[in-house]
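Once you've had a glance at the structure underneath, I'll fire off some questions.
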Amino acid sequence: MKDLQTEPTLSIRNLTVDIPTRHGILRPVDQVSYDIQPGEILGVVGESGAGKSMAGNAVIGLLNRPAHIAGGEIWLGGTRIDALKGDAMRRLRGKKIGMVFQDPLTSLNPLLQIGDQLVETMTAHLDISMSEARKRAIQALEEVGIPAAAARIDSYPHEFSGGMRQRVVIALALCAEPSLVIADEPTTALDVSVQAQIIALLKRLCRERGTAVMLITHDMGVIAETADRVAVMYAGRLAEIGPVRDVLTAPHHPYTRGLMGATPLASQGKARLHQIPGAMPRLDALPDGCAFHPRCDCVQGKCRQNPAPDLAADAGRSACWYPVGALV
Amino acid sequence: MLAYTIRRILQSLLVLLVVGLVAFSMFRFVGDPIDNLLGQERTDADIERLREVLGLNDPFIVQYGNYLIGAFQGNLGISYRQGRPVAEILLERAPATLELAFVSGIIAVVLGIALGVYTAIRRDGILANVIMSASLIGVSLPTFLIGILLIYFFSVYLDLLPSFGRGQVVRIGGWSTGFLTSSGLKALILPSITLALFQMTLIMRLVRAEMLEVLRQDYIRFARARGLNERAVNFRHALKNTLVPVVTIIGMQFGSIIAFAIITETVFQWPGLGLLFINAIQFVDIPVMAAYLMMISVMFVFINLIVDMLYFAIDPRLRVDRSGAH
Ligand SMILES: Nc1ncnc2c1ncn2[C@@H]1O[C@H](COP(=O)(O)OP(=O)(O)O)[C@@H](O)[C@H]1O
Ligand SMILES: [Mg+2]
């Protein structure tokens, strides 16, 4: 075992996910590499269909058939996990890797009391008695800010509001104290008024426990407030990655710049909004060269012929032939 | 919950009133009761006296009311053919049908759910696909043909099981049971399988479809993401959610089993209510026919009511939403 202090919680190397179809193989995740350190929040952004969820699902081993990991490596705290099968992978889920889904209204089993869902999760991973699990379940609910947790533990999901339900989901994701949490658009389905609370809660709990977070979102505002580093995905590839402050203030990739323009940040006036023209290409109709070139406003000849340069795990920031910042 | 229960009971009563009206209309207007009771040698005075005794001169609504009250007290008229009270005949025949339906129902529900769950979980497995294909035969073959095939194979060819009747029965009070003798149990096997087969395949296909739908839900994915094992995911989470909508239909199936017993009882000459009804049709024994139809309707209404209440008890969302409490 190497020194845990310096080891990233999650390390992805050249991760590739394939979906075989009748018309050929689609590649929703293509050679993606990044690390997440203990206690670090990595924001993953990109338009819908960029492969953010696919990458997250690949890490937790929940790809829906026929999608599968076709290449690369996934390391969790020094253990390689991408080849783990069946029960070995199942043991990691919940215990080492927690997951928060988008829609709290559908994430909880409507027929089971929330206490039962917490208890079954804890007893699946921890060697504790039912009564101990129940005690901890109440604690877990208190920690996520459910008022009168001891009384509410026997309630059914429908007896909570959407925001409260997402708190329960977070309690479930964290109750076995995983070292990594994958939060896939955890606030997209929520009222705007509670979005900030949920993000703040997630951030606080993970900071307290030193949990690494993969925060998937298409909201640059959330990234700006929450994440330490940000990874930008486009058509299955990593377009840019770096510390949030650097990427947001001086994006290197034209796509990142476009994304920020398309996000109504409070500080910017409406006049500054501009959309990236066109739409992300479908996976079965990727253009030659850099996948982004048809929409890029700084496109040059090389971009049309050559695939974008590789973004090595620790060198470089953007997978662009002519990064914006680097030109000047 | 209480308001809902009361509303459902009132609805059921209304349906029963209408059913009673149909049965009464048959009873009163199909064929002439005087003809049926008096035969050829009769005087006008006889007829008039009988009309008065039977209440046939009363206004329609009074006759209907009297019929309902009578029916409620178990007075369903006199069988034309047997000259005995219909209620007595029905009670005599009921155990045979109920025991057959009970055994068939258990077979259909237990095997139907088990196979449905199996074929849903192992959806790509070879055995699951074989079962699914075989179930198509079960749905499409008519019941009487299945019965005849079973008789041919097990009774005629193998000579293992009886092809007709109930075997020896034991009387316990007013109930005659075939459960206590080996010939009675043997006699039950073929008819109950015949009767169960169609319902079983129906339940199986229903459970499978519903379970596959449930397995696609987010909370199943989330249960997996929490690291629950397959058994917990399939049975604790998926099965329970599958059974909620299925319970309604399974409940209704039990009514159908008794109704469909007519065919099976005919094939196997099973001395139950269905056979009684078929014989009553042959002899135009109107009171027996009317009583049978009314009994079947009452049963359906009753089952419906119970199933609704059950549904209510299983699904916590309904409990709260409908009662408005919080
Ligand atoms: N079963 C499938 N067959 C074909 N393509 C799929 C399938 N599932 C997902 N995809 C494609 O994979 C891509 C990545 O999807 P996803 O990871 O969900 O995107 P994101 O989460 O970034 O919005 C999308 O382009 C989507 O159309
Ligand atoms: Mg997604």
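No value in this document is a laboratory result; all are computed from the given coordinates. Values in this document were obtained by computation on a predicted structure and should not be read as measured data. Please note: Cβ atoms are built from the backbone with ideal geometry, for glycine as well, and neighbour counts cover all protein chains shown.
Expressed as an acute angle from 0 to 90° and rounded to the nearest 10, what is the orientation of the C-alpha long axis of helix B:240-267 relative to the principal long axis of chain B?
40
Would you mind telling me which residue in B:Asp44, B:Asp285, B:Asp315 has the biggest mean-square fluctuation in a Gaussian network model of chain B, where springs connect alpha carbons within a distance under 10 angstrom?
Between B:Asp44, B:Asp285, B:Asp315, it is B:Asp44 that shows the largest mean-square fluctuation.
While we're on this one: Can you grab the distance from the C-alpha centre of segment A:184-213 to the C-alpha centre of segment B:284-307, Å, no decimals?
For segment A:184-213 versus segment B:284-307, the Cα centre distance is 59 Å.
Would you mind giving the mean number of other chain beta-carbons within 10 Å of the Cβ of each residue in A:107-114, as a whole number?
6
Moving on. Mean shadow of segment B:89-278, computed from the convex hull of its alpha carbons, in nm²?
With every direction weighted equally, the projected area is 12.4 nm².
Continuing with this model, one more query. Would you list, by chain and number, the aspartates and glutamates whose Cα falls below 18 Å from the Cα of A:Lys302, excluding same-chain residues fewer than 8 positions away?
Counting by Cα, and skipping residues close in sequence, A:Lys302 has these aspartates and glutamates nearby: A:Asp288, A:Asp310.
How would you classify chain B from its alpha-carbon gyration tensor, with a ≥ b ≥ c the square roots of the eigenvalues: rounded for a/c under 1.5, else prolate if a/b is greater than b/c, otherwise oblate?
Oblate.
Over chain A, with a Gaussian network built from C-alpha contacts below 10 Å, which listed residue (A:Met89, A:Met233, A:Met214) shows the highest mean-square fluctuation?
The residue with the greatest mean-square fluctuation here is A:Met89.
Measure off 7 Å from each Cα along the Cα-to-Cβ vector at B:Ser12 and B:Asn75, then give the distance between these two points in nanometres to one decimal.
Computed distance between label sites B:Ser12 and B:Asn75 equals 2.6 nm.
Per residue, how big is the convex hull of segment A:139-266 when only Cα atoms are used? Give it in Å³.
It is 123 Å³ per residue.
Can you sort B:Val298, B:Val284 from fewest to most other Cβ atoms within 10 Å of each residue's own Cβ?
With the sparsest Cβ surroundings first, the list reads B:Val284, B:Val298.
May I ask you to order B:255-261, A:133-139, B:175-181 by the average number of other C-beta atoms within 10 Å around their residues, highest value first?
Taking the mean over residues of other Cβ atoms within 10 Å, the ranking is B:255-261, A:133-139, B:175-181.
What is the distance, in nm, between label points placed 7 Å from the Cα along the Cα-to-Cβ direction at B:Val53 and at A:Arg245?
Distance between label points: 10.9 nm.
Using a 7 Å offset from the Cα along the Cα-to-Cβ direction at both A:Ile25 and B:Ala134, what is the distance between the two label points in nm, to one decimal?
3.9
Also, quick follow-up: Any idea what angle helix B:182-215 forms with the longest principal axis of chain B, computed on alpha-carbon atoms, 0 to 90 degrees, nearest 10?
Helix B:182-215 and the main axis of chain B meet at about 50 degrees.
Could you state the angle between the C-alpha long axis of helix B:60-72 and the longest principal axis of the C-alpha atoms of chain B, as a value from 0 to 90 degrees rounded to the nearest 10?
60
Let me ask something additional. Output ³J(HN,Hα) for segment A:36-51: one whole-Hz value per residue in order, computed from phi by the Karplus curve 6.51 cos²θ - 1.76 cosθ + 1.60 with θ = phi - 60°, and x for Gly and Pro.
In residue order, the calculated couplings are 10, 7, x, x, 8, 10, 9, x, 10, 10, x, 5, 4, x, 6, x Hz.
Further, regarding this structure: Between the alpha-carbon centers of segment A:14-43 and segment B:177-206, tell me the distance in whole angstrom.
Each part reduced to its Cα centre gives a spacing of 55 Å.
Which links in A:Lys85/A:Lys135; A:Lys52/A:Lys96; A:Lys95/A:Lys203; A:Lys95/A:Lys135; A:Lys85/A:Lys203 stretch past 26 Å when you go from one Cα to the other?
Checking Cα-Cα distances, A:Lys85/A:Lys135; A:Lys85/A:Lys203 exceed 26 Å.
Kirkwood Rh, Cα Rg: Rg to Rh for the protein assembly as shown?
Here the Rg-to-Rh quotient is 1.16.
Let me ask something else. Mind checking which of B:Arg122, B:Arg42, B:Arg208 has the largest fluctuation in a GNM of chain B, springs on alpha carbons under 10 Å?
B:Arg42
As a test of understanding, state the convex hull volume per residue of chain A from its alpha carbons, in Å³.
Cα convex hull per residue, to the nearest whole number: 149 Å³.
Under the rule a/c < 1.5 gives rounded, and otherwise a/b versus b/c splits prolate from oblate, where does segment B:190-307 land using the Cα gyration tensor?
Prolate, since a/c reaches 1.5 and a/b exceeds b/c.
So, one more: Per the helix-only calculation at 222 nm, which mean residue ellipticity applies to chain B, given -39500 (n - 2.57) for every DSSP H run of n ≥ 4 and division by its residues, nearest 500 deg cm²/dmol?
-24500 deg cm²/dmol
In a Debye calculation with equal point scatterers on the alpha-carbon sites of segment A:100-200 and no solvent, what is log10 I(q)/I(0) at q = 0.23 Å⁻¹?
Normalising to I(0) and taking log10 leaves -1.28.
Mind running the shape call on segment A:8-88? Use the C-alpha gyration tensor, a ≥ b ≥ c as the square roots of the eigenvalues: rounded below 1.5 for a/c, prolate if a/b tops b/c, oblate otherwise.
Oblate, because a/c is 1.5 or more while a/b does not exceed b/c.
With just the Cα atoms defining each centre, how far is segment B:137-156 from segment B:52-127? Give it in Å.
Their Cα centres are 24 Å away from one another.
Using helices alone, I'd like the mean residue ellipticity at 222 nm for chain A: each DSSP H run of four-plus residues gives -39500 (n - 2.57), total over residue count, nearest 500.
-9500 deg cm²/dmol
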